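The values are calculated or read from the model by the stated rules, or taken from the named source; none is laboratory data. All figures in this text were calculated on a predicted structure; none of them were measured in a lab. So basically every Cβ, Gly included, is an ideal-geometry build from the backbone, and we count neighbours across all protein chains shown.
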Amino acid sequence: MMKKLVLIVLFTIFVAVTFAQRTCTSDFKAVMFSSSFNQCDNNSWHLVFEDNFESNNLDLSVWELQPWAEGELYGNGGNSQEYNSLDNVKVSNGTMKIIAKREHLFVRAISYKPDNEILEDGLPNKRDYYYTSSNIWTKRDFGYGRLEAKIKIPKGKGFWPAFWMFGANPWEEIDVFEFWNESTLTGSFDPSKLSRVHNMTVHDDWDNDGRPSSCGTKYSGVDFSEEFHIYTIIWEKDMIQWLVDGVVRRTDTRYYDISGAQSSCTLKGYHQYLKNLIYPKNPMSIILNLSIQSGGDKYNNAPDSSTPFPSEMEVDWVRFYKKSDPCEIVEIQNEEEFLLSEKEYNLLSGFNVSITGSFIVYQGEQLDIKASNSIILSAGFEVKEEADFKAEIIPELCMVEKRGGEAFLKDGSDDLKVDIPKLNVYPNPSNGRFSLDLGDLDYYDYSLILYDLLGKEIYSLEDINTKIVRINIPNQNKGHIVLKLISKSGEDEFIQRIVVE
């Protein structure tokens, strides 16, 4: 079979001295675009899913045990050796705990298969397990977005806590974190590195041959078992970032320049780029698990007498955000214009949102509508029994706040709400002539800039000397305009969308 032309390149990304992306032999192909385009999405983050574990039980409408088996499929002969069970998941005092125990079970790895059936690992289905833990997955999939969780990991030889995403269409995976035993230069177990080395990896079976390619990065940090930390990935169409407590620890992009350097936001037409084929593209489940490493390798990674049992990975909360334009005028005439995903979270948001014609939310489907001004649903709109539907009008939705350089919608999430003045732009939409009322802000401390959606500056005002600023922009700048108000101290920054008709 003739293979596709693939360029294999070696590259190193140099970053701050606290961490570095290791050199990866990765899979690329050469691409060229017929026109320039901006690959960065500047819309705002919108909270669409969260679990704060506030009840006394795991929400089984959201989470399920590892879908394909109760026990780890590889059993005692693979990389991990625990039997996974919901009995090892406890929710109490506002956190969810996955508890690893040293205990002996003689059970089926897969409950619905016969005892003596030989599984893929060459062992009979009914087998001995000497450890138990759990491996829970979300029932819904999540596509591009911002995933984060506040987690405290356990410390001990043989523990393998992980927070990750996985999809089998084909094999795709993003590991937000994995912690496992680390070795010295001579290959022996190094107890000084326990719970300190944060592994971040991407896997993708881009050629669908059953063998996913991967590229990982690690860095040595604090002892992550001593307290909770917030672990984040920002997964967009053309970029993935890993953050810990708001600090970027790794960045990967879908496109690189021909030298192997990561691309910027603007990709130029008729310039050659390298497309990173190890880049997940399809929606995936969110997974939390605490595995027990196997002793069946030269490093003898299994627990020993020093490993504390029982131990737990404790999760305070999990959240997922999607990007949307909070000031867009959304008009859906029928369900074919906005096909609901059966497994993903579906979000419609904007200044005005209207659905006319036939639109049905069926059993098992989900739709969230949020608008800052109005929601109009015609007589053809129908929600079937056991469908998940919610519609809200949030006047502040079109007002966003900046946190750590990221824009978030003010949609009611407790940790995102701040007391900031509301910018009053009127009329909005306009013909390019509009006024900005700065309200109670000390206007002389601010400057403003207007951008088009490609990031090009179209208007600026360095010194503001009145509470109400009247603006007239050139009439070729139609569509959505971004207004950025910046304090001269650099401490405050507000962004608002404006529609020019």
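Below are the figures for this structure:
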{"quantity": "Residue count for the stretch 238-283, restricted to those that are of a type in the set (D, E) and outside any loop (DSSP other than H, G, I, E, B)", "calculated": "2"}
{"quantity": "Candidate set: the stretch 191-235, residues that are charged (D, E, K, R) and under 13 Å from K155 (Cα atoms); chosen: the one farthest from the chain's Cα centre (by Cα)", "calculated": "K193"}
{"quantity": "Sole exception among (1) over 30 Å from G187 (Cα atoms); (2) small (G, A, S); (3) at pLDDT below 90; (4) in contact with a helix residue (DSSP H, G or I) (Cβ under 7 Å, 6 or more places away or on another chain) for S324, by number", "calculated": "(4)"}
{"quantity": "Among (1) crowded, with 18+ Cβ neighbours inside 10 Å; (2) modelled with pLDDT of 85 or more, the one test that N57 misses", "calculated": "(1)"}
{"quantity": "Per-region count, the stretch 304-321, residues assigned to a loop (DSSP other than H, G, I, E, B) and touching a residue at least 24 places away in the same chain (Cβ under 8 Å)", "calculated": "6"}
{"quantity": "Failed criterion for N334 (all others in (1) modelled with pLDDT of 90 or more; (2) assigned by TED's automatic domain parsing to the domain that holds I376 hold)", "calculated": "(1)"}
{"quantity": "Qualifying residue in the stretch 284-291 (condition: part of a loop (DSSP other than H, G, I, E, B), of a type outside the set (S, T, Y) and surrounded by 14 or more Cβ atoms within 10 Å (Cβ to Cβ))", "calculated": "no"}
{"quantity": "In the stretch 23-62, residue farthest from E392 (Cα to Cα) [restricted to those that are among the acidic types (D, E) and within 19 Å of the chain's Cα centre (by Cα)]", "calculated": "D41"}
{"quantity": "When residues of the stretch 211-221 are limited to those that are part of a loop (DSSP other than H, G, I, E, B) and in contact with a strand residue (DSSP E or B) (Cβ under 8 Å, 6 or more places away or on another chain), the one nearest to P170 (Cα to Cα)", "calculated": "P212"}
{"quantity": "N125 polar (S, T, N, Q), out of contact with any Phe, Trp or Tyr (no Cβ under 8 Å at 6 or more places or on another chain), over 30 Å from K322 (Cβ atoms) and modelled with pLDDT under 95", "calculated": "yes"}
{"quantity": "Residues being out of contact with any Leu (no Cβ under 9 Å at 6 or more places or on another chain) and within 25 Å of M32 (Cβ to Cβ) - total across the stretch 212-253", "calculated": "8"}
{"quantity": "Subset tally (residues that are closer than 25 Å to E312 by Cα and surrounded by 15 or more Cβ atoms within 10 Å (Cβ to Cβ)) for the stretch 218-248", "calculated": "14"}
{"quantity": "Selection within the stretch 376-387 - touching a Leu at 6+ places or on another chain (Cβ under 9 Å) and within 15 Å of N334 (Cα to Cα)", "calculated": "V383"}
{"quantity": "Leading residue by the ranking (modelled with the highest pLDDT) among those in the stretch 389-406 that are surrounded by 14 or more Cβ atoms within 10 Å (Cβ to Cβ) and in contact with an Asp or Glu (Cβ under 7 Å, 6 or more places away or on another chain)", "calculated": "I394"}
{"quantity": "Criterion (out of contact with any Phe, Trp or Tyr (no Cβ under 8 Å at 6 or more places or on another chain), closer than 22 Å to R140 by Cβ and modelled with pLDDT under 85) met by exactly one of S349, S341, S413", "calculated": "S413"}
{"quantity": "Residues within the stretch 257-280 that are surrounded by 14 or more Cβ atoms within 10 Å (Cβ to Cβ) and out of contact with any strand residue (DSSP E or B) (no Cβ under 7 Å at 6 or more places or on another chain), tallied", "calculated": "1"}
{"quantity": "Qualifying residues in the stretch 168-189 (those that are of a type in the set (V, I, T) and part of a strand (DSSP E or B)) - the one surrounded by the fewest Cβ atoms within 10 Å (Cβ to Cβ)", "calculated": "I174"}
{"quantity": "Filter result for the condition that a residue is at pLDDT 85 or above and in contact with a His (Cβ under 9 Å, 6 or more places away or on another chain), over I258, I240, I278, I234", "calculated": "I278"}
{"quantity": "Pairs where the first residue, in the stretch 103-120, is without any contact (Cβ under 8 Å) to a residue 12 or more places away in the chain and among the hydrophobic types (A, V, I, L, M, F, W, C) and the second is assigned to a loop (DSSP other than H, G, I, E, B) and surrounded by 10 or more Cβ atoms within 10 Å (Cβ to Cβ), C-beta under 9 Å, 6+ apart", "calculated": "I118/N125"}
{"quantity": "Count of residues meeting criterion [among the hydroxyl-bearing types (S, T, Y) and without any contact (Cβ under 8 Å) to a residue 24 or more places away in the chain] in the stretch 188-216", "calculated": "1"}
{"quantity": "Selection from the stretch 141-167 of residues that are of a type outside the set (D, E, K, R), in a loop (DSSP other than H, G, I, E, B) and closer than 16 Å to I287 by Cβ", "calculated": "G143, I153"}
{"quantity": "Which numbered condition A109 misses (of (1) within 21 Å of I287 (Cα to Cα); (2) modelled with pLDDT of 95 or more)", "calculated": "(2)"}
